[in-house]
Each structure stands twice: as C-alpha cells, then as structure tokens.
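Everything on this sheet refers to the single structure shown next.
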Amino acid sequence: MAYSFETQCVHGGEERTWRDGERSVSTPIYQSATFFHTQIGHGQFNYTRQDNPTRLHLEETVAALEGGADAIAFASGMAAIAAVFELFRPGDHIIVSEDLYGGTTRLFNNVSAKNGLLVEFVDTCDAEKIRNAVRPETKAIYVETPSNPMMNVTDLREARRIAAAANALLIVDNTFMTPYFQKPLTLGADLVVHSGTKFLAGHNDTICGFVVAATKQLGEDVRLIGKTTGGMLSPFDSWLVERGIKTLAVRLEREQETALKLARALQENPHVKKVYYVGLPEHPGYAVNKGQTTGFGAMLSIRTDSEETALRALRKVRLITFAESLGGTESLITYPLTQTHDSVPEEQRMRLGIDGSLLRLSVGLEDARDLLADIEQALEE
Ligand SMILES: *Cc1c(COP(=O)(O)O)cnc(C)c1O
C-alpha cells in the first residue's frame, strides 16, 4: 500500500528501501566522490556526479511526492531548469508564461535564445493565447502557476490539452505550490521543475533544484544531461533537503493559514491598494487554482499606494527580513523590481505590473500577530 503524502515526507518514497547495513534512522551522508568495486559489474554506485546513495534517496522521495517516475536533484533550481532546456534543439519553439521567475526569463533571453531556441512569452492564463501561439515547431509549453510575483494562475488541464494536441511537452515550475498543494504530473504534465531551495528545503539554508519526470524515458534523458553537464546536488545538501522535506506538510499548513490572515488584514490597510493572493475569492484565478490544487500556498504580493511606501516598508521591517528568496521558516519581503525581476526587460515588467510599488511576501513560521504588527508598522508613515 502506498503511504500518504505526510508519511512519505518523513519516510521517503518506498518502504525501507534503505540499503545501509548500519540501520541508521537518518539517511547517511555518503560524502564520497567515488565508490569502489570488487570486480567488473559490481556495485550500484560509481561516481558522485553520476550517482550517489544520499542523493538517490532524496530523489526517490521527491519522485514519490510528485507522483513521478523519476526525479533528478540539481545544485540549484536554475541548474534543473537549464538541464530541461538541453532537451531541445535549435529551431524548437517553446511557449512560456510571460510572468516567470526572473532567472528563468534571463535563461531564456540570454542562453536559450543564443542556442537557437525560439522562446515565445505568452499570457498563459488565457488558454486561447496559448492555442494561438502553437506552431508546427512547438515542442513545449512551460508554465509557472501561480506565477512569480503576480500570482497569475494558468489552467493546467487546458495547457495539457493544448500541449497534447501539439505533441509538445508540458513543463510546470511547481516551486510555489509544492506537491503538497499541486501535483502537475497527475494533471498530465510531462515534467515538473523545482527550486528546492524554497519550500522543499524550507529553511533558507541551502540551494537546490529538481526535475521530476512523468516517464522513465524522460527521467533518463534528463539524468544523462545532468551527469554530463554536472550540476548535480552534493551529498551533504541532499541530506539537508531531505531533512527539510520531513516537515513540508506541517510547515505549509501553518504558513498558508498565516498567509491568509495577512492577506485579509492587508486588504484593510490604508497604504495597500491591492493584495495578490490566490486564496482570496476575489483573485481572478481563484476558481481555476482551486480546481487544480488542494491549497493556496504562502506567497502573496501587495501593491502599496506608492513607491515611497514600498521603500519605507523595506527600511522599517524588523521581524520580516528584506531578502531575496522564499519558502523558508523565516518570513521574507522582496522588492521584485530590483531583486528577483531585475533582469526582466522593462517593457515586459511594466506590462505585468512589476513596478516600484510592488512588494512580495513569503510567509514563514513566525506567529501571525507578530508578522502583521511588523508589516503594519513598516507601512505606516
Ligand atoms: C528561486 C526560483 C527559481 C530558481 O531556483 P534557484 O534554486 O534559485 O536556482 C526558479 N523558479 C522559481 C519559481 C523560483 O522561485
């Protein structure tokens, strides 16, 4: 019998597959570059860039949580996403959400374009726009939902239908929701990517990434790219991320509860013009999101009444930390304009609404009242 999600977070993907003779309860850290053989063909592991038992245990856990056939752990989310884009060839056309993590936009504009991929930014919240962008050379649709930082929602079932009709892959960045709230592979996606740095690792203490594949074949294709280009996750970091995942479900439950409280309270704040949180019924993507997830997550953005207010809040926060990143135990506040989305072309940024008055909040595990008191005093003149 397959265990429930919460149990898999703690114990990993399969029942006591663990190979360690010493029977440690915590997965051992195989801090070894290489593994010896007693004869030709002996031993499962060879060389840590290619395979490592600590990393493999983590990969099995993540594959199980996402409902994938395979998961590959990379040294960062960007290494994972870059590996996925090595699946394509010059001339391949790829439709991507226009509201994306800034580093991903930079990858597409600076690296993928140079390599001859035809990357087209589309408002993927509108299925008609995706459909109209499809060409004979379309090989993939790449979406983030909810998106960063505007929390726009893409209908994954619609995207899947369009991708299937075009014989293209559907790739989903599931960093914001994590498999606890959203499992794109079960909705028909082919690949899921993660910045494991965020909610999966969950403690603002390491960088990592994942590619999860719906089929063994896709998993093998990505593994070949990973071991060849070399951006694999180290044994120690694999162990840290596995430890973080043990509490994924309970962290997200609490963080989501706090995020909803903050979202509601901030809607009433005189310095806040708009709250972007998919857990608010007035959010335009509320219904679609609800139909494809089991929750709303812990990310929200706010449009303050002016750039001055936003800059003041960044100066005055005391508990909430002004820093890039998200998904950790510590609540962080980010200024997308100059931080995460600095390398997004200005015209695209303005169209999306990423201007000087926008702040993004990642809600951590502190007490909701403490967080609210802090953001409220920070917004005040
Ligand atoms: C942070 C992030 C990435 C990049 O991951 P790194 O671990 O920083 O390399 C990709 N996508 C999303 C949605 C992110 O938040």
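Yes or no: the range 154-167 includes at least one residue that is within 14 Å of the ligand (Cβ to nearest atom), open to solvent by less than 20 Å² (accessible area, probe 1.4 Å), in contact with a helix residue (DSSP H, G or I) (Cβ under 7 Å, 6 or more places away or on another chain) and of a type outside the set (Lys, Arg). No, the conditions are met nowhere in the range 154-167. Taking the range 339-361 as the range and being within 16 Å of the ligand (Cβ to nearest atom), over 17 Å from GLU98 (Cβ atoms) and open to solvent by 10 Å² or more (accessible area, probe 1.4 Å) as the test, only GLN339 passes.
Just to be sure before I move on: is LEU191 within 14 Å of the ligand (Cβ to nearest atom), among the hydrophobic types (A, V, I, L, M, F, W, C), surrounded by 22 or more Cβ atoms within 10 Å (Cβ to Cβ) and touching a residue at least 24 places away in the same chain (Cβ under 8 Å) in the structure I sent? First the steps, then the outcome.
On the way: within 14 Å of the ligand (Cβ to nearest atom): yes; among the hydrophobic types (A, V, I, L, M, F, W, C): yes; surrounded by 22 or more Cβ atoms within 10 Å (Cβ to Cβ): yes; touching a residue at least 24 places away in the same chain (Cβ under 8 Å): yes.
Yes, satisfied.
Of all the criteria given as (1) within 16 Å of the ligand (Cβ to nearest atom); (2) of a type outside the set (Phe, Trp, Tyr); (3) open to solvent by 10 Å² or more (accessible area, probe 1.4 Å); (4) more than 30 Å from ILE333 (Cβ to Cβ), the one not satisfied by THR186 is (1). Restricted to the range 168-179, and to residues that are within 13 Å of the ligand (Cβ to nearest atom) and in a strand (DSSP E or B), which residue is farthest from the chain's Cα centre (by Cα)? Within the range 168-179, the match that is farthest from the chain's Cα centre (by Cα) is ILE171. Tell me, which residue of the range 180-197 that is hydrophobic (A, V, I, L, M, F, W, C) and not in a strand (DSSP E or B) is farthest from GLU158 (Cα to Cα)? Going through the qualifying residues, I end up with PHE181.
Hey, does the range 196-213 have a residue that's of a type in the set (A, V, I, L, M, F, W, C), buried (at least 24 other Cβ atoms within 10 Å of the Cβ) and in contact with a Lys or Arg (Cβ under 8 Å, 6 or more places away or on another chain)? Break it down into steps so the answer makes sense when it comes.
Pass one, the range 196-213, residues of a type in the set (A, V, I, L, M, F, W, C): 199-201, 207-208, 210-213.
Subsequent filtering for residues that are buried (at least 24 other Cβ atoms within 10 Å of the Cβ) retains 199-201, 208, 210-213.
Imposing the further condition that a residue be in contact with a Lys or Arg (Cβ under 8 Å, 6 or more places away or on another chain) reduces the set to 199.
For the range 196-213, residues of a type in the set (A, V, I, L, M, F, W, C), buried (at least 24 other Cβ atoms within 10 Å of the Cβ) and in contact with a Lys or Arg (Cβ under 8 Å, 6 or more places away or on another chain): present.
Being in a strand (DSSP E or B) and either away from the ligand (no atom under 14 Å from the Cβ) or closer than 19 Å to ALA80 by Cβ (or both) narrows it down to one of VAL111, VAL119, so name that one. Unique residue meeting the criteria: VAL119.
Scanning the range 319-346 for residues that are over 25 Å from LEU252 (Cβ atoms) and part of a loop (DSSP other than H, G, I, E, B) returns LEU337, THR338, ASP342, SER343, VAL344, PRO345.
Out of ASP99, ASP51, ASP70, report the one residue that is open to solvent by less than 30 Å² (accessible area, probe 1.4 Å), among the charged types (D, E, K, R) and away from the ligand (no atom under 16 Å from the Cβ).
Values: ASP99 fails: away from the ligand (no atom under 16 Å from the Cβ); ASP51 fails: open to solvent by less than 30 Å² (accessible area, probe 1.4 Å).
Only one candidate qualifies: ASP70.
The values are calculated or read from the model by the stated rules, or taken from the named source; none is laboratory data. The structure presented is a predicted model; accordingly, all values stated were derived computationally and were not measured. FYI the Cβ positions are ideal-geometry reconstructions off the backbone, even for glycines, and counts take in every protein chain you see. Just so you know, the surface numbers come from the protein's heavy atoms only, side chains and all, with ligands and any DNA or RNA stripped out. Shrake-Rupley method; radii C 1.70, N 1.55, O 1.52, S 1.80 Å.
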